[in-house]
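Since the structure comes first, as structure tokens, the remarks are kept for the end.
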Amino acid sequence: MAGRRAVIKAVDWLAFAERIPPNQKPMFNALKTNSDSVAAKLSSLPEKPPAIDWAYYRTAIAKAGLVDEFETKFKAMTVPEPKDTHTEKINAQEQEANKSALSFIEESKATVAEAEKELTRYKNMIPFEQMTHEDMIEAFPETKLDKEKYPYWPHKPISEL
């Protein structure tokens, strides 16, 4: 049992609790309670099961050979341990998530750089109270009305309204 206990990873409940949204706190508390009860039950069990007293059963059971048959079958029996097939998948998903997080960080840095350029442009701009119509068109070319192509007000295609 101690060998199996060493394999089980410890859960950092404090770090886990920090990531839980407030609406899921009751479910988290139930999970922690169940986990603690299972861990307490596992730790109360002995490392090796108690040995079977085969001599006592030979004297107590009248049918000859039955206990010997059970003993040989019991000693020949092996309980297969489940194989870990999901750790590789989880590690691959973790690496993929790390790559996507790094690409997201790079994209975010590029977005921040563009936003900072735009912010410096706005800071260096003439105040709106002092702008003329020509200054406005120079600062924001998308606001220019195309009176030649669309001679009637609002001087834009209807689809853009």
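The values are calculated or read from the model by the stated rules, or taken from the named source; none is laboratory data. Since this is a predicted model, take the numbers as computed values, not measurements. When we count neighbours, we look across all protein chains shown, and the Cβ atoms used for this are built from the backbone with ideal geometry, even at glycine. Surface areas here come from the heavy atoms of the whole protein model, side chains and all, with no ligands, DNA or RNA. Shrake-Rupley method; radii C 1.70, N 1.55, O 1.52, S 1.80 Å.
Among residues belonging to the stretch 55-76 that are aliphatic (A, V, I, L, M) and not in a loop (DSSP other than H, G, I, E, B), point out the one that is nearest to the chain's Cα centre (by Cα).
76
Mind checking which residues of the stretch 101-126 are in a helix (DSSP H, G or I) and open to solvent by 100 Å² or more (accessible area, probe 1.4 Å)?
Within the stretch 101-126, 102, 104, 106, 107, 109, 114, 116, 117, 122, 123 meet the criteria.
Outside any helix (DSSP H, G or I) and either touching a residue at least 24 places away in the same chain (Cβ under 8 Å) or basic (Lys, Arg) (or both) - does that describe any residue in the stretch 127-145?
Yes.
Give 36, 53 a once-over and let me know the one that is among the acidic types (Asp, Glu) and closer than 24 Å to residue 10 by Cα.
Every option except 36 fails the conditions.
All but one of (1) open to solvent by 100 Å² or more (accessible area, probe 1.4 Å); (2) touching a helix residue (DSSP H, G or I) at 6+ places or on another chain (Cβ under 7 Å); (3) part of a helix (DSSP H, G or I) hold for residue 17, so report the exception by its number.
The failed condition is (1).
Among the candidates 98, 23, single out the residue that is surrounded by 10 or more Cβ atoms within 10 Å (Cβ to Cβ) and of a type outside the set (A, V, I, L, M, F, W, C).
Criteria check complete, one pass: 98.
For residue 122, are the conditions met, namely being in contact with a Phe, Trp or Tyr (Cβ under 9 Å, 6 or more places away or on another chain) and at pLDDT below 95?
Answer is no for this residue.
Does residue 107 meet the test of being farther than 29 Å from residue 160 by Cα, modelled with pLDDT of 90 or more and charged (D, E, K, R)?
Criteria met by residue 107.
So which of 97, 115, 76 is modelled with pLDDT of 90 or more and under 30 Å from residue 139 (Cβ atoms)?
After ruling out the rest, the residue left standing is 115.
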